[in-house]
Every structure is written in C-alpha cells, then in structure tokens.
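The values are calculated or read from the model by the stated rules, or taken from the named source; none is laboratory data. Bear in mind the structure is a predicted one, so any value in this text is a computation, not a measurement. Ideal geometry is used to build each Cβ from the backbone, glycine not excepted, and the neighbour counts take in all protein chains shown.
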Amino acid sequence: MSDAESRGVPHDALSAVGARRRLQIERLVAGGDALARDTDGRVVFVDTGLPGETIEAEFVEVKRDFARARTLRVVAASPVRVTPPCRHVADGCGGCDWQHLAAHAQHDAKAAVVREAFARTARLPEAPIVRGGAVSHDASRTTVRMAVTPSGRLGFRRASSHESVEIEQCLVMHPLLQSLVSTVGVRGDGEVTLRCSVATGERAVWSHDKARVLGLPDDVAAGAAAVVHEDVAGARLRVSMASFFQASPQAAELLVDAVARAAGNALDGRDGVVVDAYGGVGLFAATVVPIGVQCVLVESSESACSDAYENLRGRSAMVMHTRFEHWRAVRAGLVIADPARSGLGKAGVTTLLDTAAPTVVLVSCDAVAAARDARLLVDAGYDLVNAEVLDLFPHTHHVEVVSHFVRD
Ligand SMILES: C[S@@+](CC[C@H](N)C(=O)[O-])C[C@H]1O[C@@H](n2cnc3c(N)ncnc32)[C@H](O)[C@@H]1O
C-alpha cells in the first residue's frame, strides 16, 4: 500500500499538478525520461530518474493516460548515478539530459531503450539488437545549435523550456567552437548554428531568426551558404551551413562503418544501383559506395544537394533534389535510408518498396521511429538481420540505430 493510500488520500488528489510522491523508476524510455507508475498503474514520466531508483517527485503535468513529474530528491540512488560532470547542468542547461548517468552505462542504457522499442512498437521481441560503435566520451561536437541568452551571449535552452542558459565551458563542444562562444556577442533573438572542421580548422556561423553575431574573428565565415570541409573515411566533404551534417567526423566515421558492415556484398552493384535516400551532402555515397558503382542520392534540401553534387564529382552518382516519398523510384540492389527523426513512415516505405531492393540499411536517430519503420518493412516481407545501436551523443539520450533488412 502506498503512503497516500494508507493515509486515505483520494487518488485524484495525488495525481494533480503539484502533488508530491515517491515513485519507483522502472526503466528509461525513448526521449530520455524515466518511467514510473502512479498508484493506479498510469505511466508517469520522470525527468532524471534511473532504473531501480526511488525518487521523490512533483507532478508537473497530468493527462488522462499519463503524467509528468520532476525529480525533487533521489531517495534511493542507482549505482550508476553520478554527479553531472558539467557544472552548467546545475544552472539548468538542458543540452545534455543524461549527465546523471555514468558514462560507462550510457551505451547499454540506449541499447535497452532500443530493445524495448523493437519489442513493443515493432512487436519483434527477439530482434537481434547489438551494440555498435561509440564515440569517446570526451569526443567533441563540431556542429552545435545554440540560443541567444538575455545578456547577449550564446547558450543552450533550459531543460523543457524556451529560456536559455549562458555557457562558459561546454563539455561536448569542440574547442574551436568553444573559443568562438567565449569571444562573440549576439544581438537580437533566436538561435545560431556553429560549425567547425577538424580536418581544416575552418569555422562558420549561421544565424537563424533575427540573431546577429557580433565580433566574429576574421577566420569565421557567416551565413547559410558559408562552408566548411571535413574529412570522413578518406573523403573530403563540402558542408554548407544550411546542410545537415553528423555531430562530428568521429561520429560520421562510426556510422559509415556500421552502414558498410550492414550493406556488405550489396555494395558491389550486381543487383542494381545503390540508392542513398535522405542522402544529405553525400556522406554514405562518397564513402560507403565503391567508385564505379552507380548511385542515386535522393535529398530534399537544396543546400545539401549542391554540396552532394560537389562531393560526388568523378563518381557514377546522380543527385535527385526531391522529397524521397515524391521520387519516382528506380530498381535498386541496395537502399541506404537515413531519414529525419520521424522516420520513413508509410510514405517513405512505399517509395522504398518501389525500388524492389533486396537489401535495405535503415539509419534511424529515434528508437521508436526505427521500430515503427522496422514493423512496416517486416510487414512488407523484409527480414531484420540485426540492428546496431550506436552511441554518438554521449551524455544525452540520443541514439542512432543501423538496421539491416533483406528480402528474397
Ligand atoms: C539525418 S539526415 C542524414 C543525411 C546524411 N545521410 C548524413 O548522414 O549526413 C536526413 C537528411 O534527410 C533530408 N530530408 C528530410 N526530409 C526528407 C524527405 N522527405 N526526402 C528527402 N530528404 C529529406 C534532410 O535534409 C537531411 O539532409
């Protein structure tokens, strides 16, 4: 019996916003929260709990089917709970939401979230989920999107808030960007993307909304069309500020490895062209696909397409500037698909099926989207060979899943 039941407190009173309760954390869920249950079994998402912990929490949102609560006090801590290594977490910075989980336990925790998603959402409880590569925990990000603080500096959003927190020393930011953040001021409001290259030392900024960055050092390029060049797996890639790029070259290289491993012999082009769907600046087409094998890159961003066009010069590659779901599919031997967070969805899967590709490598940056797409592909006749879980974003819940499907 719960404390409240023993005191005869009606359950509705417990579940109201502002109610304080002791909660037992069951597990971590996609999105980073911890899952506990209210006395009636309803799910409560708790912001910083860890499996096995008892947390004293305050309800901050109550819906018909679930509630949200914030941790007030850890009553019984998990052995893998640590003091966040970055001091800005205490200031409220929401940039890295898993700093309270020991670095060595983060990859397994992500694999557990993916396993759960494949069991529940994909209804594939036996899915072979394996641990793939991980960037080192001190690996730094070469692209960051920051918010303007009220004092005219660059910072990150507070957890679950639009407010921003000023940052002096970010644990996960590349030193070339860190020194930029310490130097510049910002006028106006909104967000700014910063990017640097490990290979060349180039730096660039792109102000979204109405923000204006002041005091930029001479070497820093500015605007959506500013470019940096990065080296990944032996390929030099042009990356414009308005184009998507992975968090760092180290992260990109681990993804390239995982995709190449999953694609295997299907990369030889014998079964047909390779389609690099949601191909961005051509990361996979320029590294994984052998020179001489015909490749079609499909991408909706004009900026990424013009980068890809440059990056794939000299290869048997075609760049199609269109949404994947609007693309008139060609027969393919292999589709590598790396959609945005929402996944392929039915529309993307329909186009993918039109390629009749016997091998599909799906790169997903969301565990539930990966599982949803896996179910759609399995229903369409594909077998899941395995799904590799990569840890490319230390100290956060963010995960990458590379799933390998085959069909006769
Ligand atoms: C996660 S990124 C992957 C890019 C690339 N594979 C890489 O690893 O650098 C997803 C890419 O899909 C593009 N995109 C988003 N929606 C799309 C759509 N409906 N059709 C085609 N491309 C899309 C984005 O512009 C972005 O470049």
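In this structure, R261 qualifies as within 22 Å of the chain's Cα centre (by Cα), assigned by TED's automatic domain parsing to the domain that holds L352 and more than 9 Å from the ligand (Cβ to nearest atom).
With respect to the stated conditions, C305 is assigned by TED's automatic domain parsing to the domain that holds V385 and within 12 Å of the ligand (Cβ to nearest atom).
The single condition from (1) under 20 Å from V198 (Cα atoms); (2) of a type in the set (S, T, Y); (3) within 20 Å of the chain's Cα centre (by Cα) that S301 fails is (1). None of V232, V259 is out of contact with any strand residue (DSSP E or B) (no Cβ under 7 Å at 6 or more places or on another chain) and within 25 Å of V399 (Cα to Cα) except V232. The residue list S161, S197 contains one member that is of a type in the set (S, T, Y) and at pLDDT 95 or above, which is S197. Residues that are in contact with a helix residue (DSSP H, G or I) (Cβ under 6 Å, 6 or more places away or on another chain): which strands (runs of 3 or more DSSP E) entirely in segment 98-167 hold 2 or more of them? Because the criterion is at least 2 residues that are in contact with a helix residue (DSSP H, G or I) (Cβ under 6 Å, 6 or more places away or on another chain), the strands (runs of 3 or more DSSP E) in segment 98-167 that meet it are 129-134. Looking at V275, V289, just one residue is of a type outside the set (S, T, N, Q), assigned by TED's automatic domain parsing to the domain that holds D373, closer than 18 Å to R238 by Cβ and more than 9 Å from the ligand (Cβ to nearest atom), and that residue is V289. Residues of segment 339-350 that are surrounded by 18 or more Cβ atoms within 10 Å (Cβ to Cβ) and either assigned to a loop (DSSP other than H, G, I, E, B) or more than 9 Å from the ligand (Cβ to nearest atom) (or both): P339, G343, L344, V349. Of the residues in segment 315-336, at least one is more than 16 Å from V361 (Cα to Cα), within 14 Å of the ligand (Cβ to nearest atom), assigned by TED's automatic domain parsing to the domain that holds T355 and part of a helix (DSSP H, G or I). For segment 365-377, which positions are more than 9 Å from the ligand (Cβ to nearest atom) and of a type outside the set (K, R)? The answer is D366, A367, V368, A369, A370, A371, D373, A374, L376, L377.
Of all residues in segment 327-338, those that are surrounded by fewer than 19 Cβ atoms within 10 Å (Cβ to Cβ) have Cβ atoms under 7 Å from Cβ atoms of residues that are in a loop (DSSP other than H, G, I, E, B), 6 or more apart or on another chain, in V330/T355; R331/G272; R331/T355; R331/A356. Of everything in segment 163-211 that is touching an Asp or Glu at 6+ places or on another chain (Cβ under 8 Å) and basic (K, R), the residue that is farthest from W98 (Cα to Cα) is K210. Could you list, ordered by first residue, the pairs with Cβ atoms under 9 Å in which the first is in segment 272-289 and within 12 Å of L334 (Cα to Cα) and the second is at pLDDT below 95, at least 6 apart or interchain? The qualifying pairs are V289/G269. Among the residues of this structure, G280 counts as one that is in a loop (DSSP other than H, G, I, E, B), in contact with an Asp or Glu (Cβ under 7 Å, 6 or more places away or on another chain) and among the small types (G, A, S).
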